[in-house]
């Protein structure tokens, strides 16, 4: 089993043609701001309907922080949206570093479960959840590398960053000096 190709690009996650894209969701799965709102808007009403079904059948109290669940992708080019809830930095003494890593591991496990061979991640928990990209990037890259080293069939992991700050720090974490 070989390690996946890991890429870092600047762009729009909703335009990715990977098998799966990751939604940095809130626990309600009903859409929100930032990446979550953009994915729901681009995917159309089918995504919201699937999220409502997931809430009703699987997570009536909301998706727990660090967990992940796949749905269809509605009108997106991807086949799946993998929803994960990142930690809010202010709720944990260390910002929730272990939970942030768990988000990435859970998403890869969910990708494996649905047969996705490629996945695109945003900067989970960066933005309104208070994580700075300089702190989140090494955690995200380490978690992906560790998970991929022993148990994944995912061949491509792409981090799609919306702004220059996130891109710079994820790129730096990908190729440390």
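The values are calculated or read from the model by the stated rules, or taken from the named source; none is laboratory data. Since the structure is predicted, the reported quantities are computational estimates derived from the model, not experimental observations. Positions of Cβ are backbone-derived with ideal geometry, glycine not excepted, and every protein chain shown enters the neighbour counts.
Tabulated data
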quantity: Failed condition for residue 41, given (1) more than 25 Å from residue 163 (Cβ to Cβ); (2) over 14 Å from the mean Cα position of the chain (by Cα); (3) assigned to a helix (DSSP H, G or I); calculated: (1)
quantity: From 112, 132, 105, residue being without any contact (Cβ under 8 Å) to a residue 60 or more places away in the chain, surrounded by fewer than 22 Cβ atoms within 10 Å (Cβ to Cβ) and within 18 Å of residue 34 (Cβ to Cβ); calculated: 132
quantity: Filter result for the condition that a residue is crowded, with 17+ Cβ neighbours inside 10 Å and within 22 Å of residue 150 (Cα to Cα), over 13, 69; calculated: 69
quantity: Criterion (assigned to a helix (DSSP H, G or I), at pLDDT 95 or above and touching a strand residue (DSSP E or B) at 6+ places or on another chain (Cβ under 9 Å)) met by exactly one of 116, 136; calculated: 136
quantity: Yes/no for residue 118 being crowded, with 24+ Cβ neighbours inside 10 Å and under 21 Å from residue 12 (Cβ atoms); calculated: no
quantity: Among the candidates 159, 170, residue that is assigned to a helix (DSSP H, G or I) and touching a helix residue (DSSP H, G or I) at 6+ places or on another chain (Cβ under 9 Å); calculated: 170
quantity: Selected residue (criterion: nearest to residue 12 (Cα to Cα)) from residues of region 75-101 that are out of contact with any strand residue (DSSP E or B) (no Cβ under 8 Å at 6 or more places or on another chain) and surrounded by 18 or more Cβ atoms within 10 Å (Cβ to Cβ); calculated: 101
quantity: Scope region 15-30; condition in contact with a strand residue (DSSP E or B) (Cβ under 9 Å, 6 or more places away or on another chain) and in a loop (DSSP other than H, G, I, E, B); matching residues; calculated: 16, 17, 18, 19, 25, 26, 27, 29
quantity: So residue 143, is it assigned to a helix (DSSP H, G or I), crowded, with 20+ Cβ neighbours inside 10 Å and within 15 Å of the chain's Cα centre (by Cα); calculated: yes
quantity: Some residue of region 25-35 being under 27 Å from residue 150 (Cβ atoms) and within 12 Å of the chain's Cα centre (by Cα); calculated: yes
quantity: Test: residue in region 16-23 that is modelled with pLDDT of 95 or more, surrounded by fewer than 17 Cβ atoms within 10 Å (Cβ to Cβ) and within 14 Å of the chain's Cα centre (by Cα); calculated: no
quantity: Residue check, residue 82 within 19 Å of residue 159 (Cβ to Cβ) and outside any loop (DSSP other than H, G, I, E, B); calculated: yes
quantity: Given (1) out of contact with any strand residue (DSSP E or B) (no Cβ under 6 Å at 6 or more places or on another chain); (2) outside any loop (DSSP other than H, G, I, E, B); (3) buried (at least 16 other Cβ atoms within 10 Å of the Cβ), number of the condition residue 149 does not satisfy; calculated: (3)
